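Laboratory data are not the source of any read-out in this text; all were calculated from the coordinates shown. Everything numeric in this text was worked out from a predicted model, so none of it was measured. Here the Cβ is made from the backbone with ideal geometry for all residues, glycine too, and neighbour counts use every protein chain on show.
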Amino acid sequence: MTVDIPKCLLDIHGKTVVEWQIDYLLDNGIDDITVVVGYGADLVEARLGAGYGQGRVKTLYNPFFDIADNLATLWMAREEMTGDFVLLNGDTLFESRILGSLLESHRRPITLACDIKPRYDSDDMKVSLEGHRLLRVGKDLEQGAVNGESIGMLLFRDQGADLFRGAVESAMRKPVALKQWYLSVIDGLAPGQQVWSHSIQGMQWQELDYPVDLDRALKVTADWIATKQKRLQAL
């Protein structure tokens, strides 16, 4: 499915994944948007230009996309990480109210949107919590210590941006950085009691890693479209 296009350009009921994300950012009042591109960069930029107008959505090119994990992706965007901002994974679909709920959450330096499931597999980005405060985040947490899963959406406020940017810059000075996820930096910041969680339990989202995930994404987005149509009919 992604031989010729990146995941963010997969079609979901006539809109690409990245367009679903941008539309919901705009719906929630966020219009200063930067997309870090790599694989299929020209295709992504062309789609964004056609859908939103040239320059409406800023792009940054990551030349290391085929040799590094997403910590390096964030390093490329470090100059954009000022003031309050939201960080999204490019392969996560979410309903608009998830973002709205996160933006209305208690003001903390760094807040992870987290869901709760009956069980977690080895690929889930699991979290360990003390109340709402994050203790650990990673794929290798012991099952007994797991309280939820990070959905790939984070909110940075006040000193949170500076903390994160500084930690990303420090991490990138180490040889292992090219093989690290950016959430390893969040895991490192957690002991400083600056990282918190926000539950989105009961709301719909879908990460896209496998073909079955695309089937689920088509189903949940169909629900969102139907809900929006009913709302419009009621007006």
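How much space per residue, in cubic angstrom, does the convex hull of the C-alpha atoms of segment 145-235 take up? Before the final figure, lay out each step's value.
Details: hull volume 15.1 nm³, N = 91.
So the per-residue Cα hull volume is 166 Å³.
With the Cα gyration tensor of segment 21-68 giving a ≥ b ≥ c as the square roots of its eigenvalues, does the rule (a/c under 1.5 for rounded; else a/b larger than b/c for prolate; else oblate) give rounded, prolate or oblate?
prolate
According to the square roots a ≥ b ≥ c of the eigenvalues of the Cα gyration tensor, what is the shape class of the chain, taking rounded for a/c under 1.5, prolate for a/b larger than b/c otherwise, and oblate for the remainder?
Rounded shape, in that the Cα axes give a/c under 1.5.
At a Förster distance of 22 Å, what's the computed FRET efficiency of residue 157 paired with residue 15, Cβ-Cβ distance as r, to 0.05?
0.15
If the chain between residue 193 and residue 132 were fully stretched, how many nm would it gain, using 0.36 nm times the residue separation less the Cα-Cα distance? All intermediate terms of the calculation are to be shown ahead of the outcome.
Values: separation 61, 0.36 × 61 = 21.96 nm, distance 1.06 nm.
So the extension gain works out to 20.9 nm.
Which of the GluC sites (Glu not before Pro) found in segment 1-104 are loop residues per DSSP with 15 or fewer other Cβ atoms within 10 Å of their Cβ?
104
Among 35, 44, rank each residue by its count of other Cβ atoms within 10 Å, from fewest to most, as a rough exposure measure.
Final ranking by Cβ density, sparse to dense: 35, 44.
Rounded to whole Hz and in sequence order, give me ³J(HN,Hα) for segment 37-46 from the Karplus expression 6.51 cos²θ - 1.76 cosθ + 1.60, θ = phi - 60°, writing x for Gly and Pro.
These are the phi-based 3J(HN,Hα) values: 10, x, 4, x, 4, 4, 5, 5, 5, 5 Hz.
Please report how many Lys pairs in the chain have alpha carbons closer than 27 angstrom, counting only residues at least 8 apart along the chain or sitting on separate chains.
Pairs that pass both the separation and distance tests number 26.
About its Cα centre, what dipole magnitude does segment 1-123 give when the only charges are +1 on Lys and Arg Cβ and -1 on Asp and Glu Cβ, stated in debye to the nearest 20?
260
In the chain, if the dipole is taken from +1 on Lys/Arg beta carbons and -1 on Asp/Glu beta carbons about the Cα centre, which of 41, 143, 52 is farthest to the positive end?
143
Label residue 229 and residue 64 with points 7 Å out from Cα along Cα→Cβ: what is the distance between them in nm?
Between residue 229 and residue 64, the simple spin-label model gives 4.6 nm.
What's the magnitude of the charge dipole for the chain around its Cα centre, counting Lys and Arg as +1 and Asp and Glu as -1 at the beta-carbon? Answer in Debye, nearest 20.
Details: 25 positive and 34 negative charges, 91 e Å.
The dipole of the chain has a size of about 440 debye.
Considering only DSSP beta bridges whose two residues both sit in the chain, what percent are antiparallel, to the nearest 5?
So the antiparallel bridges amount to about 70 percent of the total.
How long is the gain from residue 106 to residue 43 if the chain were fully straight, where each residue apart is worth 0.36 nm and the alpha carbon distance is subtracted?
Answer, rounded to one decimal: 18.9 nm.
Report, in whole Å, the centroid distance computed from the Cα atoms of segment 36-114 and segment 126-200.
Measuring centre to centre over Cα atoms gives 17 Å.
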